[in-house]
Amino acid sequence: MTKLAIIGGTGLTQLGDLIIIKRDKLTTPYGAPSADFITGELNQKEVIFLARHGNPHTIAPHKINYRANIWGLKHLGVEQIIAVAAVGGITEAMLPAHIAIPDQIIDYSHSRLHTFFEDENYPVTHIDFSYPYSQKLRSILIAAAAKANINITLIGTYGCTQGPRLETAAEIKRMEKDGCDLVGMTGMPEAALAKELGMDYAAISVIANWAAGKTAGEITMAEIEQNLHIGMDNMAQLLKVFIELA
Ligand code: HPA
């Protein structure tokens, strides 16, 4: 059976319905991962869960050890990753509390350790990254949403910013001109590292707020929490059906 992992972001520090079987505390050649890798059963299927920001949520987006996280999952035999992350909505279809399955990425992050391919263990290799997400996993997620009767947006370009601050209104205007529909802080280098190690990777973007400058006034944590609450409930439903179909 193909081994599946779920990486949980803000609002998903633990998988409520996961029946825990074991915890692996790994040390990796790249240092410590964000948290223990939790193997459990979800909807009668085995999955491995990792809290991207640690449990409790303490690791800022730019401090996440993405290489240790992805290397650890590969070491445990994972072949498929579903990455869940909270994002801001930039374009019209990306309504707060709503879910999108992005199909493209623009990376604005910097100074992150972003590749395995730089030493004798992994000699320099230029992976193809034209289509950063697994089309196969995206299709199953889209089918799962239809089956669960959850209204999602089927495509979108994810712009990855450095964080931890949110963006300025001008930055979002520029990102929109560039073609971004969504903005988040953790999609890269995670997606590229998974591809470097030959794993299928797709993302579920849970929209927490309108991005900076898209509404009058400031973005509040209360608004983010309220939208994430609704969005994460739908995401949990989506994951359950996804697991049934995968
Ligand atoms: N910007 C970047 N990351 C985010 C946002 C945002 O507006 N909302 C949730 N994660």
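Worth pointing out:
- Matching option when the condition is part of a loop (DSSP other than H, G, I, E, B) and under 16 Å from the mean Cα position of the chain (by Cα), among TYR158, TYR133: TYR133
- Matching entry among ASN43, ASN69 (being open to solvent by 30 Å² or more (accessible area, probe 1.4 Å) and among the polar types (S, T, N, Q)): ASN43
- For ILE172: the one exception among (1) surrounded by 20 or more Cβ atoms within 10 Å (Cβ to Cβ); (2) closer than 26 Å to ASN69 by Cα: (2)
- The residue list ARG67, ARG112 contains one member that is within 23 Å of GLY54 (Cβ to Cβ), within 16 Å of the ligand (Cβ to nearest atom) and among the basic types (Lys, Arg), which is ARG112.
- Contact annotation: residue pairs with Cβ atoms under 7 Å, 6 or more positions apart or on different chains, pairing a residue in region 154-182 that is in contact (Cβ under 8 Å) with a residue 24 or more places away in the chain and more than 10 Å from the ligand (Cβ to nearest atom) with a partner that is small (Gly, Ala, Ser) and open to solvent by 30 Å² or more (accessible area, probe 1.4 Å), are THR157/GLY179; ALA169/GLY213; LYS173/GLY213.
- Residue tally, condition surrounded by 18 or more Cβ atoms within 10 Å (Cβ to Cβ) and small (Gly, Ala, Ser), over region 219-245: 1
- Test: ALA83 is away from the ligand (no atom under 16 Å from the Cβ), open to solvent by less than 30 Å² (accessible area, probe 1.4 Å) and of a type in the set (Gly, Ala, Ser): no
- Residues of region 104-130 that are in a strand (DSSP E or B) and open to solvent by less than 70 Å² (accessible area, probe 1.4 Å): GLN104, ILE105, ILE106.
- Test result for ALA93, at pLDDT 95 or above, assigned to a loop (DSSP other than H, G, I, E, B), surrounded by fewer than 17 Cβ atoms within 10 Å (Cβ to Cβ) and among the aliphatic types (A, V, I, L, M): yes
- Scanning region 204-240 for residues that are away from the ligand (no atom under 13 Å from the Cβ) and under 18 Å from the mean Cα position of the chain (by Cα) yields ILE204, HIS229, ILE230, ASP233, ASN234, MET235, ALA236, GLN237, LEU238, LEU239, LYS240.
- A single entry from ASP103, ASP107, ASP24, ASP17 fulfils the requirement of being within 14 Å of the ligand (Cβ to nearest atom) and touching a residue at least 40 places away in the same chain (Cβ under 8 Å): ASP107.
- All conditions but one from (1) open to solvent by 30 Å² or more (accessible area, probe 1.4 Å); (2) closer than 16 Å to ASP103 by Cα; (3) in contact with a Ser or Thr (Cβ under 7 Å, 6 or more places away or on another chain) apply to TYR158; the one that does not is (1).
- Members of region 194-221 found to be modelled with pLDDT of 95 or more and either part of a helix (DSSP H, G or I) or closer than 22 Å to ALA143 by Cβ (or both), listed by number: ALA194, LYS195, GLU196, MET199, ASP200, TYR201, ALA202, ALA203, ILE204, SER205, VAL206, ILE207
The values are calculated or read from the model by the stated rules, or taken from the named source; none is laboratory data. Worth saying up front: this structure is predicted, and the values here are computed from it rather than measured. Methodologically, a virtual Cβ is constructed for each residue, glycine included, from the backbone with ideal geometry; neighbour enumeration extends over all protein chains shown. Ligands, DNA and RNA are excluded from the accessible area calculation, which covers all protein heavy atoms including side chains. Shrake-Rupley method; radii C 1.70, N 1.55, O 1.52, S 1.80 Å.
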